[in-house]
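Report on one structure; see the data block that follows.
The values are calculated or read from the model by the stated rules, or taken from the named source; none is laboratory data. The shown structure was predicted, so the numbers you read here are calculated from the model rather than taken from an experiment. For neighbour counting, all protein chains shown are included, and Cβ atoms are generated from backbone atoms with ideal geometry for every residue, glycine included.
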Ligand SMILES: [Zn+2]
């Protein structure tokens, strides 16, 4: 009798343990999906996903599942292949019937390296005409600098992809100096250019209904204490543009930087400090 009782208690405890560990697993699955060694997808809040592609440097793009029909994707992974993997994951895990809208926030490969795949799948790509021009004039030069950082056998796989990389322009272009207000599903989206920063064409995307700002490469994450590669931009103007950005959008709850972890609007202040420090060097 006593033994039977102990056995029952043990079984109940085991079941409770299994239920709880099962829940925890599902939660983890929802939060971070390691799609490949190089691609992770993190649901930072409901229906808001940061895609981090490390090729080799970790870079962020962001997609929002706005409703049952519409997805907004801001920037892309570095390559068409990685972009295809994420699109396949979206089809399998979120649904096949979504129409996707893409926004490129600059001409660097971590902003739009995946455009070829998006064009193949008839996904409209918004971007400034300046981004198109810089792709034409500047991207070869920038790429050759990047190739210099990718020396050694361990970087052979990146060199193989980047040495003859083909860039594709955004397909729906606009004047960078005019704010674009898109309505995607029932959500309003504002594309804004505060002025030159990390590049001369970096844009931000603000979603007023969520007080969410995709800051891209003009915003540094809290653990970044250096501006990084800024030869395509303008440090003096960068600090001023950030002031304008703060004035333009007063209520910002969450900021997603181009690299590193999301944070609050304090990331804008932090970036100003880092840019100011680089200026006084
Ligand atoms: Zn970047």
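General remarks:
- Residues being within 12 Å of the ligand (Cβ to nearest atom), assigned to a loop (DSSP other than H, G, I, E, B) and touching a helix residue (DSSP H, G or I) at 6+ places or on another chain (Cβ under 9 Å) - total across the stretch 206-230: 9
- Any helices (runs of 4 or more DSSP H) falling wholly within the stretch 97-144 and containing at least 2 residues that are away from the ligand (no atom under 15 Å from the Cβ), closer than 26 Å to residue 177 by Cβ and touching a residue at least 12 places away in the same chain (Cβ under 8 Å): 115-120, 129-137
- Residues that are touching a helix residue (DSSP H, G or I) at 6+ places or on another chain (Cβ under 7 Å) and part of a loop (DSSP other than H, G, I, E, B) within the stretch 164-192 comprise 165, 166, 167, 168, 169, 170, 171, 175, 176, listed in sequence order.
- Filter pass, residue 74 being touching a strand residue (DSSP E or B) at 6+ places or on another chain (Cβ under 7 Å) and surrounded by fewer than 21 Cβ atoms within 10 Å (Cβ to Cβ): no
- Only one of 275, 189 that is buried (at least 20 other Cβ atoms within 10 Å of the Cβ) and under 30 Å from residue 68 (Cβ atoms): 189
- For the stretch 116-129, residues that are touching a strand residue (DSSP E or B) at 6+ places or on another chain (Cβ under 9 Å) and crowded, with 18+ Cβ neighbours inside 10 Å total 6.
Let's see how each residue does on (1) within 20 Å of the chain's Cα centre (by Cα); (2) at pLDDT 95 or above:
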residue: 119; (1), (2): yes, yes
residue: 133; (1), (2): no, yes
residue: 164; (1), (2): no, no
residue: 174; (1), (2): no, yes
residue: 182; (1), (2): yes, yes
residue: 203; (1), (2): yes, yes
residue: 207; (1), (2): yes, yes
